[in-house]
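I have placed the structure first, in the form of structure tokens, so that the comments after it can refer back to it.
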Amino acid sequence: MGTNNMNEARGTLTSTKNIGLVMLGSDTGIYALARDFHQCYGIRPKIVARAAFGPIKDSKILDVHEIGLDVTRRDYIDYLIEHAEELRAGNEKTILLCNTDHLVEALCEAKDELESLYELVIPPLKTYERISDKVGFAELCDQLEIPTPKTIGVQFGAEENPQLNALEAGLDFPVIAKPALSADYENVKFEGQKKVFQLTDQTEVDQLIQTLQQAGFQGQFVFQQKINGDDTTMRSLTAYVNRRGEVTLLSGARVLLEDHAPGLIGVPLAMVTQEMPELMAQAKKLLESVDYYGFANFDIKVDSVSGKPYFLEVNPRIGRNAYYTVAGGSHPSLAVMEDIFEVADPRFQGVEQEALYSLVDAFLLSRYIDEEDRRMISNLPKDRIVHPLDYSADRGVKRMFYVYGSTFKQRLKFRKYYPVRNAEVI
């Protein structure tokens, strides 16, 4: 997996001995990104998290700093400042990364306080606000003539009685509904809460708006035309833009299977790396049209009827499942390191090989994919089938018990929430 790139990465930089890495969070994406830095550069990241949850628990390649379960975004910033000497550990440069919307926003807001202590890899706050807002993203796509579903935003908090007549707004049912800014949804709790809702009539629209209002939601909720297709019509693009505004990493994958648990709907669990020249060109055009810096992850859906691709959103972070970039032969760590060290001629990394990224076992996956994809997977070399949490340098007994246990538990989730492949679900 990208062995040549790994060797070149080590050779390009004069020294990585005095480089530190601090990461915020505890999800699969954080561990996978830490793994990439470790396997490419031998860097042992310091993880600042609420607690040592599953993906980072019992890891031999991480130092976890637990700061408590009941913490706010500001608590993370205060910890980074107050414990800067310990976290930097005397290193010449210390890179600070995260992979959660509300923490990316917190870093953008606190940039002036942090930039003298850490190397920040985040977009400017105005850029973050513009593209991470799904209404603003749809408007930008329209300006650039990039296809996106019709999107209507409903504002909560400022109005006493928010409402939407979907048909009058030009939306046909079913309609997809989700927060315009994921960070606004982090602290809202209510019965039946989902990451994404699929609404089949006006009554369900009215009920959701009422529920959000009663729960005290503040911000915009978007109502979007649903694009036809099941999990396999989803595409993902991961990009890195350096400080000079150059796109130095642009990798893609076709989704084979997504999570269907209510709180994780739409999160890819199995993906196959793939070149997508037209979609990549559109993503590059969008990133170059704004003052962007750092990682970006695009969600795209190809209409199963028309075959037309639609850009759904962009996340100003690397994404939970972006280890598929490594499976495909590209290394996010390399893009960051060449940027931080200001390499004069940074290389461009794309998709070098077809590979499978999967958090589910082969038996479960085979139930939800067609015969052509089964044959494709069966013909892949073993080293091109990758589980992001299964790292050969980090295989303690307790850790592997979690990795294999969590993989098996996916079967129970699918039995409950998605027992049969269905093109009509989200």
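Annotations
- Rounded to the nearest 20, the Cβ-based charge dipole of the chain about its Cα centre (Lys and Arg +1, Asp and Glu -1) stands at 1560 debye.
- Over all pairs of different C-alpha atoms, the range 115-263 has a mean inverse distance whose reciprocal, the Kirkwood radius, equals 17.5 Å.
- Sulfur and carbon atoms: percent of accessible area, the range 320-426 [1.4 Å]: 54 percent
- Whole-Å semi-axes of the chain's equivalent ellipsoid (Cα gyration tensor): 32, 26, 22
- Sorting 75-82, 164-171, 33-40 by their mean Cβ neighbour count within 10 Å, with the most densely packed peptide first, gives 33-40, 75-82, 164-171.
- Taking other residues whose beta carbon is less than 15 angstrom from the beta carbon of Ile369, and scoring Lys, Arg as +1 and Asp, Glu as -1, yields -4.
- Listed peptides 210-217, 56-63 by packing density, highest first (mean Cβ within 10 Å): 56-63, 210-217
- Dipole magnitude of the range 351-426 about its Cα centre (Cβ charges: Lys, Arg +1; Asp, Glu -1), debye to nearest 20: 600 debye
- Peptides 312-319, 172-179 ranked from most to least packed, by the mean per-residue count of other Cβ atoms within 10 Å: 312-319, 172-179.
- Once the mean of 1/r is taken over each pair of separate Cα atoms and inverted, the range 5-137 shows a Kirkwood hydrodynamic radius of 15.6 Å.
- Taking a sphere under 12 Å around the Cβ of Lys60 and counting the other residues whose Cβ falls inside, with K and R at +1 and D and E at -1, yields a net charge of +3.
- Largest first, the residues Met400, Met271 sort by 1.4 Å accessible area into Met400, Met271.
- A helix-only calculation puts the chain at -10000 deg cm²/dmol for mean residue ellipticity at 222 nm, using -39500 (n - 2.57) for each DSSP H run of at least four residues, averaged over all residues.
- Acute angle (nearest 10 degrees) that the helix 28-41 long axis makes with the longest principal axis of the chain, alpha-carbon atoms: 30 degrees
- Surrounding net charge for Phe173, when Lys and Arg each add one and Asp and Glu each subtract one, Cβ distance under 11 Å: -2
The values are calculated or read from the model by the stated rules, or taken from the named source; none is laboratory data. Owing to the predicted nature of the structure, the values given are computational and were not obtained by experimental measurement. Positions of Cβ are generated from backbone atoms using ideal geometry, with glycine treated the same way; all protein chains shown enter the neighbour counts. Just the protein is used for accessible areas: all its heavy atoms, side chains included, with ligands, DNA and RNA removed. Shrake-Rupley method; radii C 1.70, N 1.55, O 1.52, S 1.80 Å.
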